[in-house]
Amino acid sequence: MNPGGDRHREAFVAAYGPLFEHSPWVAEDAYERGPYADREALEAGLADAMYAASRDRQIALVRAHPDLAGKAAVEGTLTPDSQREQSSAGLDRLSHAEYEDLTGANAAYREKFGFPFVICVRDHDKDSILAAARERLRNDPETELRTALGEIARIAHHRLEAMPA
């Protein structure tokens, strides 16, 4: 247990919970594993908490992510981080054909795996995102869950790096 009481825990979760899309439980679980000597240890602790979670919690975490260029993007209801990330990869500037390709890939992916296609868009552009979606459709469900969690860890890494030290 971490010293500092409920206030410290609440501050920790408020600061690091948003690193994992609509899933503050990752930060809550990581808090119990701390304290952390530095940012690198914190990042490892957050990832460890995510990977140590039950399969049901992991799937819920993946499902908390929006479809790329999907309904939330069209309606403007993405979290600020997701909006910036999708914009950085050009997903807010797709041609009609690119939009149709990506939404088709999203639908096929969701149908096969039961959760949205998650990729760290900061590591990609719109062409490599679509190629990855098509490629990952070949995965089996367990491989794809592990792949999606790895992508979520990359997303959290970039979000943590963007935070003031």
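General remarks:
- Residue within the stretch 62-82 that is at pLDDT 95 or above and part of a helix (DSSP H, G or I) present: yes
- Here Ala52 meets the list (1) surrounded by fewer than 19 Cβ atoms within 10 Å (Cβ to Cβ); (2) among the aliphatic types (A, V, I, L, M); (3) modelled with pLDDT under 95 almost entirely, failing just condition (3).
- Qualifying positions in the stretch 87-128 - assigned to a loop (DSSP other than H, G, I, E, B), farther than 16 Å from Glu151 by Cα and at pLDDT below 90: Gly90, Leu91, Asp92, Arg93, Leu94, Ser95
- Close pairs (9 angstrom Cβ cut-off, 6 or more residues apart or separate chains): without any contact (Cβ under 8 Å) to a residue 24 or more places away in the chain in the stretch 115-134, of a type in the set (Val, Ile, Thr) and in a loop (DSSP other than H, G, I, E, B) anywhere: Ser128/Ile119; Ala132/Ile119
- Just one of the listed residues (Phe20, Phe12) is surrounded by 18 or more Cβ atoms within 10 Å (Cβ to Cβ), more than 18 Å from His158 (Cβ to Cβ), modelled with pLDDT of 95 or more and not β-branched (Val, Ile, Thr), namely Phe12.
- Selection count, the stretch 25-53, where residues are within 18 Å of Gly150 (Cβ to Cβ), without any contact (Cβ under 8 Å) to a residue 60 or more places away in the chain and either among the small types (Gly, Ala, Ser) or not in a helix (DSSP H, G or I) (or both): 6
The values are calculated or read from the model by the stated rules, or taken from the named source; none is laboratory data. These numbers come from a predicted model, not from an experiment. All Cβ positions, even for glycine, are placed from backbone atoms using ideal geometry, and neighbour counts span all protein chains on display.
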